[in-house]
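Student: Dumping the structure here so I can ask a few things about it.
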Amino acid sequence: MEEVPHDCPGADSAQAGRGASCQGCPNQRLCASGAGATPDPAIEEIKEKMKTVKHKILVLSGKGGVGKSTFSAHLAHGLAEDENTQIALLDIDICGPSIPKIMGLEGEQVHQSGSGWSPVYVEDNLGVMSVGFLLSSPDDAVIWRGPKKNGMIKQFLRDVDWGEVDYLIVDTPPGTSDEHLSVVQYLAAARIDGAVIITTPQEVSLQDVRKEINFCRKVKLPIIGVVENMSGFICPKCKKESQIFPPTTGGAELMCQDLEVPLLGRVPLDPLIGKNCDKGQSFFIDAPDSPATLAYRSIIQRIQEFCDLRQSEEENLINS
């Protein structure tokens, strides 16, 4: 469908194509015919596929370069430290897939089986899927319009054979575009636990995070909380903290207070994080006592608690 008016009643509304705001809309005839309200059959197929996935977490950011993919990768690594927990990491950043590099999987390819696409495994309990595995070279540009991106996301959700999974982590591109709308739409029936939003302390990043929070509320996507990444630098020798990116407007803490959103924690800068991502290794192994590692572990624990509580509430609702 083409661009819709701001006060569009929605394709599934009784007023679709007939309301005053529909006059002059290029989609008016389509909506009035009822064709726009036809649900995508893939939604039910994905719901069925996702019955083996216990928790689904989206990792979002308003702006690129704030460490969203790095966080997604380390969330997966941290959760997978429990060998009894099965983790899936899905990279839907179609035009900038960095997960294969961060996870040390560059050059790997996806294999087809009778039950669908097989993920690429980092460990026995950590599987990864990315469009990067489908490219002949990591330097290849993916120049796709929205519908083709949406089709790829649909295929990832419907055709990848994850098996029994405790946590599905979805690494998204920055912003609030086609990819975000698609993954929320396709997973809505399968129940998403919530979104973790990544930011840095500067106002230029927080501006876009406010839009991201607004997006989540509009599409009824629960917000697990915000992570402030690159939050100061703690000298490994003198232990003094320096603000490399000063929070000129109060940083994520003040923004979270104003918008009544949980602040999950702050991850300080550590050069080893970038080095380990370039090498495709978990930062937690090289720097187990780093302030950044301790911050990550605290944040991961809070995310687990959120998911456990949400699951418990839903079970109580079903049994009541």
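Student: Please verify whether the range 199-210 includes one or more residues that are touching a helix residue (DSSP H, G or I) at 6+ places or on another chain (Cβ under 9 Å), buried (at least 19 other Cβ atoms within 10 Å of the Cβ) and under 19 Å from residue 74 (Cα atoms).
Tutor: Yes, that holds for at least one residue.
Student: Take the residues in the range 136-185 that are part of a helix (DSSP H, G or I) and β-branched (Val, Ile, Thr), then tell me which one is surrounded by the fewest Cβ atoms within 10 Å (Cβ to Cβ). Break it down stepwise before answering.
Tutor: Initially, the range 136-185 is screened for residues part of a helix (DSSP H, G or I), giving 146-159, 178-185.
Checking the rest, the ones that are also β-branched (Val, Ile, Thr) come to 153, 183-184.
Numbers: 153: 25, 183: 24, 184: 19.
Out of the qualifying residues, it is 184.
Student: What are the residues in the range 51-95 that are within 22 Å of residue 109 (Cβ to Cβ) and open to solvent by less than 10 Å² (accessible area, probe 1.4 Å), if any?
Tutor: Within the range 51-95, 72, 73, 76, 87, 88, 89, 90, 91, 92, 94 qualify.
Student: Open to solvent by 20 Å² or more (accessible area, probe 1.4 Å) and in the same structural domain as residue 131 (by the TED database): is that true of residue 189 in this structure? Spell out how you get there, then give the answer.
Tutor: On the way: open to solvent by 20 Å² or more (accessible area, probe 1.4 Å): yes; in the same structural domain as residue 131 (by the TED database): yes.
So residue 189 passes the test.
Student: Within the range 223-237, can you find the residues that are of a type in the set (Gly, Ala, Ser) and within 20 Å of residue 307 (Cα to Cα)?
Tutor: 225
Student: Looking only at the range 79-95, count every residue that is outside any strand (DSSP E or B) and either basic (Lys, Arg) or under 23 Å from residue 64 (Cα atoms) (or both) and tell me the total.
Tutor: Kept after step one, since they are outside any strand (DSSP E or B), are these residues of the range 79-95: 79-86, 92-95.
So of that shortlist, the ones also either basic (Lys, Arg) or under 23 Å from residue 64 (Cα atoms) (or both) come out as 92-95.
Looking only at that region, the number is 4.
Student: What are the residues in the range 182-214 that are within 24 Å of residue 311 (Cα to Cα), of a type in the set (A, V, I, L, M, F, W, C) and out of contact with any Leu (no Cβ under 8 Å at 6 or more places or on another chain), if any?
Tutor: Correct list: 188, 189, 190.
Student: Are there strands (runs of 3 or more DSSP E) fully within the range 96-135 with at least 2 residues that are within 20 Å of residue 85 (Cβ to Cβ) and either open to solvent by 30 Å² or more (accessible area, probe 1.4 Å) or outside the structural domain of residue 165 (by the TED database) (or both)? List them. Spell out how you get there, then give the answer.
Tutor: Details: elements: 111-113, 116-118, 120-123, 126-130.
Where strands (runs of 3 or more DSSP E) fall fully within the range 96-135 and carry at least 2 residues being within 20 Å of residue 85 (Cβ to Cβ) and either open to solvent by 30 Å² or more (accessible area, probe 1.4 Å) or outside the structural domain of residue 165 (by the TED database) (or both), they are 120-123.
Student: Suppose we keep only residues that are in a loop (DSSP other than H, G, I, E, B) and buried (at least 17 other Cβ atoms within 10 Å of the Cβ) within the range 5-50. Which one would you say is modelled with the lowest pLDDT?
Tutor: Within the range 5-50, the first condition is being in a loop (DSSP other than H, G, I, E, B), and the residues that meet it are 5-19, 23-27, 34, 38-40.
With buried (at least 17 other Cβ atoms within 10 Å of the Cβ) added as a condition, the list becomes 8-9, 11, 16-17, 19, 25, 27.
Numbers: 8: 68, 9: 66, 11: 61, 16: 72, 17: 72, 19: 76, 25: 75, 27: 68.
Only one residue fits best here, namely 11.
Student: While we're looking at this one, here's another question. State all residues of the range 186-195 that are modelled with pLDDT of 90 or more and in a helix (DSSP H, G or I); if no residue qualifies, say none.
Tutor: Correct list: 186, 187.
Student: Filter the range 290-315 down to the residues that are part of a helix (DSSP H, G or I) and among the polar types (S, T, N, Q), then identify the one that is most open to solvent (accessible area, probe 1.4 Å). Spell out how you get there, then give the answer.
Tutor: Residues of the range 290-315 that are part of a helix (DSSP H, G or I), as a first pass: 291-315.
From the residues that got through so far, the ones that are among the polar types (S, T, N, Q) too are 293, 298, 301, 304, 311-312.
Details: 293: 0, 298: 59, 301: 104, 304: 67, 311: 52, 312: 49 Å².
Top of the filtered list is 301.
Student: Please give the number of the condition residue 234 fails out of (1) touching an Asp or Glu at 6+ places or on another chain (Cβ under 9 Å); (2) without any contact (Cβ under 8 Å) to a residue 40 or more places away in the chain; (3) not basic (Lys, Arg).
Tutor: Every listed condition holds for residue 234 apart from (2).
Student: Test of understanding: among 275, 220, which residue is touching a helix residue (DSSP H, G or I) at 6+ places or on another chain (Cβ under 9 Å), open to solvent by 40 Å² or more (accessible area, probe 1.4 Å) and on the phi > 0 side of the Ramachandran plot? Steps first, answer last, please.
Tutor: Numbers: 275 fails: on the phi > 0 side of the Ramachandran plot.
That would be 220, the only listed residue that is touching a helix residue (DSSP H, G or I) at 6+ places or on another chain (Cβ under 9 Å), open to solvent by 40 Å² or more (accessible area, probe 1.4 Å) and on the phi > 0 side of the Ramachandran plot.
The values are calculated or read from the model by the stated rules, or taken from the named source; none is laboratory data. Small disclaimer: the values here were computed from a predicted structure and weren't measured. Positions of Cβ are backbone-derived with ideal geometry, glycine not excepted, and every protein chain shown enters the neighbour counts. Just so you know, the surface numbers come from the protein's heavy atoms only, side chains and all, with ligands and any DNA or RNA stripped out. Shrake-Rupley method; radii C 1.70, N 1.55, O 1.52, S 1.80 Å.
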